[in-house]
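The values are calculated or read from the model by the stated rules, or taken from the named source; none is laboratory data. Only a predicted model underlies this, so the values are computations on that prediction, with no experimental measurement involved. When we count neighbours, we look across all protein chains shown, and the Cβ atoms used for this are built from the backbone with ideal geometry, even at glycine.
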Amino acid sequence: MDAFLSLPTSHCHAPQPDCVPAIKLKNEIKARAATTDESTSTIIHSALCTYPLSAAGQLPKNESLMLMIRRQRTTETVDANGRLPKKLRKTYHDEDFIMHDDKKLIIFTTKTNLSTLKQNKHWFADGTFKVCPDDYYQLFTLHAMMTNAIIPLVYGLLIGCLFHFSQAAWRQVQSKGLTTKYKEDEVFRLNVKQLIALAFVPLDQIIIGFDLICDLFDDDADDLLEYFEKTRIGTGRKKPQFDHKLWNIHDRVVATVPRSNNSVEGWHNAFASRVAISHPTIVKLGEKIRRKQSKFEVDIAKILQGHNIKTKKACYRKLDERITRLANSFDPTQLDQFLKSMAANITL
């Protein structure tokens, strides 16, 4: 009968307890990468918070940890025909959620959302670029005002851009070399703000108001005024690049409708922070939109039941009240004073 005897060899080693924390850390990172949408850096930093310094030498390089996370991420994506996974085509309440889907545009919404949009006459739109998948340029959303809440109802992945009046004015001040003058010259600063205040006068007073403001500027602002005339006011028979109705908000202020898209832009900023990853896959972004839809279905139900889901800060409420009072008390014979008063409430 043959027998085998195993003897210790010269390659036996003592236990290496310092390797254990590194193994645990890698397992933790893999688990979080597979089950969360946290950014790569967030996962690594969180895992390292409690890592023992005595075992630091056993850690892989940071690049290796990042590669591990990328490999661990699930790579569910569109099918061969470019269609999104089946689960993203329904809301959590099993309602159809995709109105349009092709290689250039995807629209997420429901029949209920569209019905809600139709029933509310004040709509708001805004876009963001940060959270878009690499194949898309912008996430564009349509929101409706329900009582005092702005609710997102349509999400579109598309190419597009927005033009904000006051931001455009400030960029022109900068590009014309007038930034220092704006900061140091109080009269010039007020005059620039009066150009923005034209957005608050009735439509038939825009050109009259612009002529009044032009007389207040020195010659060094000719290029700035020429820009406004070309893009916002118009010259003789030549129409401006942007029709007066596109940027004038007098009627909205009188009707106490929000003057800007701040609420919508705030929603985009919050949404981007929740997505956490810049330029996620279309599937990951679609799932985030699907979750937001579920949340706002609850908000809509609460609004329809008479609940107030959002309260505006006192400082903004008082500003709204001042601007509304000014707009409601507009007197065409006091146009110059109106522009100065409104300009005092404007911040670029």
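Within the bounds of segment 298-314, is there any residue that is under 30 Å from Glu186 (Cα atoms) and outside any helix (DSSP H, G or I)?
Looking only at segment 298-314, we keep the residues that are under 30 Å from Glu186 (Cα atoms), and these are 313-314.
Right, trim to outside any helix (DSSP H, G or I) and you get 313.
Yes, because at least one residue in segment 298-314 is under 30 Å from Glu186 (Cα atoms) and outside any helix (DSSP H, G or I).
Determine whether Glu28 is of a type in the set (D, E, K, R) and outside any helix (DSSP H, G or I). Steps first, please.
Numbers: of a type in the set (D, E, K, R): yes; outside any helix (DSSP H, G or I): no.
For Glu28, the condition - of a type in the set (D, E, K, R) and outside any helix (DSSP H, G or I) - is not met.
Given Ile196, Ile213, which one is under 25 Å from Asp251 (Cβ atoms), modelled with pLDDT of 95 or more and either in a helix (DSSP H, G or I) or in the same structural domain as Ile249 (by TED's automatic domain parsing) (or both)? Give the steps one after another, and end with the answer.
On the way: Ile196 fails: modelled with pLDDT of 95 or more.
Every option except Ile213 fails the conditions.
On the basis of being aliphatic (A, V, I, L, M) and at pLDDT below 70, does Val253 make the cut?
On the way: aliphatic (A, V, I, L, M): yes; at pLDDT below 70: no.
The answer is no for Val253.
Which members of segment 171-181 meet the condition of being under 16 Å from Phe217 (Cα atoms) and either assigned to a helix (DSSP H, G or I) or not assigned by TED's automatic domain parsing to the domain that holds Phe228 (or both)? Step through it out loud before you land on a result.
Here is the first cut: in segment 171-181, the residues under 16 Å from Phe217 (Cα atoms) are 172-173, 176-181.
Passing the criteria: Gln172, Val173, Thr179, Thr180, Lys181.
Return yes or no: is Leu59 of a type in the set (A, V, I, L, M, F, W, C), more than 25 Å from Thr281 (Cβ to Cβ), surrounded by 15 or more Cβ atoms within 10 Å (Cβ to Cβ) and at pLDDT 85 or above?
Numbers: of a type in the set (A, V, I, L, M, F, W, C): yes; more than 25 Å from Thr281 (Cβ to Cβ): yes; surrounded by 15 or more Cβ atoms within 10 Å (Cβ to Cβ): yes; at pLDDT 85 or above: no.
No, not satisfied.
Regarding Lys183, is this residue surrounded by 12 or more Cβ atoms within 10 Å (Cβ to Cβ) and charged (D, E, K, R)? Can you show your working first?
On the way: surrounded by 12 or more Cβ atoms within 10 Å (Cβ to Cβ): no; charged (D, E, K, R): yes.
Here the answer is no, as Lys183 does not meet what is asked.
Criterion first (outside any loop (DSSP other than H, G, I, E, B) and touching a Gly at 6+ places or on another chain (Cβ under 6 Å)) does Leu190 satisfy it?
On the way: outside any loop (DSSP other than H, G, I, E, B): yes; touching a Gly at 6+ places or on another chain (Cβ under 6 Å): no.
Considered against the rule, which asks whether it is outside any loop (DSSP other than H, G, I, E, B) and touching a Gly at 6+ places or on another chain (Cβ under 6 Å), Leu190 comes out as no.
Check whether at least one residue in segment 309-331 is modelled with pLDDT of 80 or more, within 30 Å of Lys86 (Cα to Cα) and surrounded by 15 or more Cβ atoms within 10 Å (Cβ to Cβ), and report yes or no. Before the answer, list the steps.
Taking segment 309-331 and keeping what is modelled with pLDDT of 80 or more, we get 318-331.
Those left that are additionally within 30 Å of Lys86 (Cα to Cα): none.
No - not one qualifying residue is present in segment 309-331.
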